[in-house]
Amino acid sequence: MARAKDLLHHPWVLGLTGVLVVLLIWTLVTSLRLVDPLFLPSPAAVLAAGRAQAGQGLLWADLLASVGRVLGGFALSAAVALPLGIAMGTSTVINRLLEPLMGLIRYMPAPAFIPLLIIYFGLGELPKILLIFIGTLFFNTLMIMDAVKFVPRELVETALTLGGRTSQVLLRVITPCIAPQVIDAYRINMAAAWNLVIVAELVAANEGLGKRISLAQRFLRTDEIFLGLIVIGLIGLVIDLGFRLVMRRACAWAN
Amino acid sequence: MQLRVDQVEKSFGSGRSRKLVLDRISFTVNTGEFVALVGSSGSGKSTMMRLVAGLDRPTAGVISIDGTPVRGPGSDRGMVFQKYSLYPWLTAAQNVAFGMELQGLNRREIRERTSYFLEVVGLADAARRLPRELSGGMQQRVAIARALAAQPRVLLLDEPFGALDLQIRESMQEFMHDLWQRTGLTALLITHDLEEALLLAREVHILAPNPGRIVRSVAVDLDRGDLRHLRLSPQFLELREELASCLRGMEPALTPAP
Ligand SMILES: Nc1ncnc2c1ncn2[C@@H]1O[C@H](COP(=O)(O)OP(=O)(O)OP(=O)(O)O)[C@@H](O)[C@H]1O
Ligand SMILES: [Mg+2]
């Protein structure tokens, strides 16, 4: 009895149960043929579609293309957002200069930039990477700026009274202090990057998970659509867990 | 060394909302002295400390060290803040080493001085613990060790024990007294606790609020052989009562006059 209760309190158990219940319902509904298989393929059919695509090498090529674009665009965004956010959080002048501008651009939906990016840069990799860059830069920057604003004043001033220079305060006080929030901001905005890469590929691409889904739609292959969705979800989950792991390793003090 | 605060004024805001917080404050602290400013909450104590530390500028008057006006924060004036200010991502030892690292001391020296000052504050065993694993009193001791390790010419203490409960406060006062005797440090203490000021400081200035101004200065010549006895000695109690009534006289009455 007590053991069962302990098991229930383990963080993974309930989460896994939720997933299994949905899988079970899905299996039941499809095996009882409650819904036309054209609309709702069975888990087995989706698995078969996965095997077929993996066998042809399509799945791996798509994965590589999508993940590459996400990582490229997001790395760029993260690298620019960190110094920019710190600058906006520490300097009143830079803050006043950029915050209204960022506040405005932030409300422009990133997918609406796709037509413009295609006109400027064609159909290659660059417009997709730039889309992810644009779509995540402002959120990353503003979240980092907020983190900087919440750095306790005493921590900065202590460094100054210990003889610290401005550059030392930035590198040795502000940066480590905001690290947990930065990692968290990246983790949250990574989800937006995934959404954007799929949207970009739906519009124009030769390969990628989004492209595969839009092709599947054309041929009414719902099994392949499901496959695409599940793969996207799984990769997102893995990346999310990765960030959490980094957080736990690098910022043990903040837990 | 002489820290000199001369006719210092500080006001916040401008125009109609301008508020005078400190009014013509003057006092000095010489090498080896322990001086205290005592005032109620809102009398401008922290503001005064920030001015001395160079974290803020006076509206009028001059603060100088050996005749050189203070223009900003510097390692010659080490500060221990009212609220805990340890770097939560650094261990106790790393916190103590922090100032020396900023100043670019060599590694061996940093290591030696870190263990020396941890020893001084009685926390050699806690060297590798993170601040959140330390009690409030231990954290403030690490903060004091960190400030001392950076070799300030004067230590600025802004209600360093204000957030601690009474018992720990008393043992910290004894610790501070002991430290002063052993290391011969120079300190400016700011507190709202009259007893604390009288126990530790040779010179006590009473700060009246609205605007903050020094209304009395006393030299405290008491036998500090045993602080626990001192707390109860008639001389001490008499002086405390006298100054307490002086402080009380300045408070706006909380109950309406009959
Ligand atoms: N940056 C500021 N801008 C405007 N007013 C301020 C500022 N800093 C302090 N004050 C005002 O100055 C007065 C004195 O504040 P201060 O923090 O120096 O008091 P204190 O004696 O340290 O009080 P406490 O015992 O509560 O710490 C307060 O009325 C406060 O509102
Ligand atoms: Mg204060």
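The values are calculated or read from the model by the stated rules, or taken from the named source; none is laboratory data. For clarity, every value in this text was computed on a predicted model and none was experimentally measured. Virtual Cβ from ideal backbone geometry, glycine too; neighbours counted across all protein chains shown. These area figures cover heavy atoms from the full protein model, side chains too; ligands, DNA and RNA do not enter into them. Shrake-Rupley method; radii C 1.70, N 1.55, O 1.52, S 1.80 Å.
Go through region B:41-57 residue by residue and tally those that are over 13 Å from residue B:211 (Cβ atoms) and touching a strand residue (DSSP E or B) at 6+ places or on another chain (Cβ under 9 Å).
Of all residues in region B:41-57, those over 13 Å from residue B:211 (Cβ atoms) come to B:41, B:46, B:49-57.
If we keep only those that are touching a strand residue (DSSP E or B) at 6+ places or on another chain (Cβ under 9 Å) too, we end up with B:46, B:49-57.
Total satisfying the criteria: 10.
Quick test for you: out of B:70, B:29, B:21, pick the one residue that is hydrophobic (A, V, I, L, M, F, W, C) and within 16 Å of ligand 1 (Cβ to nearest atom). First the steps, then the outcome.
Working: B:70 fails: within 16 Å of ligand 1 (Cβ to nearest atom); B:29 fails: within 16 Å of ligand 1 (Cβ to nearest atom).
Going through B:70, B:29, B:21 in turn, the sole match is B:21.
Just to be sure before I move on: is residue B:197 farther than 20 Å from residue B:22 by Cβ, open to solvent by less than 60 Å² (accessible area, probe 1.4 Å), small (Gly, Ala, Ser) and part of a helix (DSSP H, G or I) in the structure I sent?
Values: farther than 20 Å from residue B:22 by Cβ: no; open to solvent by less than 60 Å² (accessible area, probe 1.4 Å): yes; small (Gly, Ala, Ser): yes; part of a helix (DSSP H, G or I): yes.
The answer is no for residue B:197.
If you go through region B:33-80, how many residues are within 14 Å of chain A (Cβ to nearest Cβ), within 11 Å of ligand 2 (Cβ to nearest atom), open to solvent by 10 Å² or more (accessible area, probe 1.4 Å) and not polar (S, T, N, Q)?
Total meeting the criteria: 1.
When only residues in region B:149-169 that are more than 16 Å from ligand 1 (Cβ to nearest atom), at pLDDT 90 or above and not basic (Lys, Arg) count, which is surrounded by the fewest Cβ atoms within 10 Å (Cβ to Cβ)?
Of all residues in region B:149-169, those more than 16 Å from ligand 1 (Cβ to nearest atom) come to B:149-155, B:165-168.
Now restrict to residues that are at pLDDT 90 or above: B:149-155.
Retained after the next criterion (residues that are not basic (Lys, Arg)): B:149-152, B:154-155.
Details: B:149: 25, B:150: 27, B:151: 15, B:152: 22, B:154: 23, B:155: 25.
Across region B:149-169, the extreme among qualifying residues is B:151.
Might you check whether a residue that is away from every other protein chain (no Cβ under 14 Å), touching a helix residue (DSSP H, G or I) at 6+ places or on another chain (Cβ under 7 Å), of a type in the set (Phe, Trp, Tyr) and at negative phi occurs anywhere in region B:114-137?
Among the residues of region B:114-137, not one is away from every other protein chain (no Cβ under 14 Å), touching a helix residue (DSSP H, G or I) at 6+ places or on another chain (Cβ under 7 Å), of a type in the set (Phe, Trp, Tyr) and at negative phi, which makes the answer no.
Could you identify the single residue in A:152, A:111, A:115 that is touching a residue at least 60 places away in the same chain (Cβ under 8 Å), open to solvent by 40 Å² or more (accessible area, probe 1.4 Å) and more than 19 Å from residue A:81 (Cα to Cα)? Even if it seems obvious, please write down each step before you answer.
On the way: A:152 fails: touching a residue at least 60 places away in the same chain (Cβ under 8 Å); A:115 fails: touching a residue at least 60 places away in the same chain (Cβ under 8 Å).
That would be A:111, the only listed residue that is touching a residue at least 60 places away in the same chain (Cβ under 8 Å), open to solvent by 40 Å² or more (accessible area, probe 1.4 Å) and more than 19 Å from residue A:81 (Cα to Cα).
Wholly within region A:150-224, which helices (runs of 4 or more DSSP H) include no fewer than the required count, namely at least 3 residues that are touching a helix residue (DSSP H, G or I) at 6+ places or on another chain (Cβ under 6 Å)? Before you say what the answer is, go through the steps one by one.
Working: elements: A:153-161, A:166-169, A:175-203, A:209-218.
The qualifying helices (runs of 4 or more DSSP H) are A:153-161, A:175-203, A:209-218.
Would a scan of region B:200-223 turn up a residue that is in contact (Cβ under 8 Å) with a residue 24 or more places away in the chain, on the phi < 0 side of the Ramachandran plot and within 14 Å of another protein chain (Cβ to nearest Cβ)?
No.
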